[in-house]
């Protein structure tokens, strides 16, 4: 909570300073080309809290402060920053709901309906909530490794595969061998996208994210393309893990 308060205060100060600077430039630029007007420096947006004016025969401007307008500007800027912050946070919290809404599960898995899959996936996503980008990446890779081990176990226990041949098998090779062995086809409707995402996450995501941040000087809090890709991959992985667990308990691999 303290960290959020500090971040909000810093952003409020930055926005307030930028708005004040913009108001100064607007007031100065507004007199350019008008020989009958003398330049004045008025500060404040949307309400002017510092103003200048010229008296007849004076060689220098007079000035004044409006403390009430200063307070109004501070309050308005703070409300805008707080509103923007909660809007962004709310979008992050509801990312899973938006994902389901935009990506209706057209793939069907016999024995499970869409609500079952959503609820099971949501339970698997709980462990990611307090994590930052790199922690999510580490968690994702760990779960993906666990998925690979579980599939190899299924290959041996349920399809009579040779355990000694599994050492160098990748996730893609394991899925391919299971498909050849006759593992139920609807499982691959979900597994193929996980395999492709896992390859990208493992080999390209971090390097792409580092390059992007170094070029754009992106704020760590910014929801980057890499972060969006990772979140989508996490949802798909946890979706598949739930299906695997359910199928393993019900013994319906063929």
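So for the pair residue 2, residue 52, with labels modelled 7 Å out along Cα→Cβ, what separation do we get in nm?
Between residue 2 and residue 52, the label points sit 4.3 nm apart.
Using R₀ = 22 Å, calculate the FRET efficiency as 1/(1 + (r/R₀)^6) where r is the Cβ-Cβ separation of residue 173 and residue 135; round to 0.05. Intermediate values should be presented prior to the final figure.
Values: r = 29 Å, r/R0 = 1.30.
Step by step, r from the Cβ atoms, then E = 0.15.
When a footprinting reagent is the concern and you count Cβ atoms within 10 Å, what order do 141, 25 take, fewest first? Write down the numbers at each step before the final one.
Details: 141 14, 25 10.
Final ranking by Cβ density, sparse to dense: 25, 141.
Given 0.36 nm per residue, what is the gain on full extension from residue 246 to residue 192 after removing their alpha carbon distance, in nm? Provide the component values of the computation, followed by the final result.
Working: separation 54, 0.36 × 54 = 19.44 nm, distance 1.83 nm.
Full-extension gain reported as 17.6 nm.
Work out how much length residue 67 to residue 127 would gain on full extension: take 0.36 nm times their residue separation and subtract the Cα-Cα distance, in nm to one decimal. Walk me through the intermediate numbers first.
Values: separation 60, 0.36 × 60 = 21.60 nm, distance 4.86 nm.
So the extension gain works out to 16.7 nm.
Taking the simple approach of a point 7 Å from Cα along Cα-to-Cβ for both residue 25 and residue 150, what is their distance in nm?
Going by the 7 Å Cα→Cβ label model, 5.5 nm.
Given a Förster distance of 35 angstrom, what is the FRET efficiency for residue 60 paired with residue 18, based on the Cβ-Cβ distance and rounded to 0.05?
On the way: r = 28 Å, r/R0 = 0.80.
Result of the calculation: an efficiency of 0.80.
Between residue 200 and residue 162, how many nm apart are label points set 7 Å from Cα along the C-beta direction?
3.6
We did not get these values from a lab; they are worked out from the coordinates using the rules stated. Remember, it's a predicted structure, so these values are computed and weren't measured experimentally. Glycine also receives a Cβ, built like all others from the backbone with ideal geometry; neighbour counts cover every protein chain displayed.
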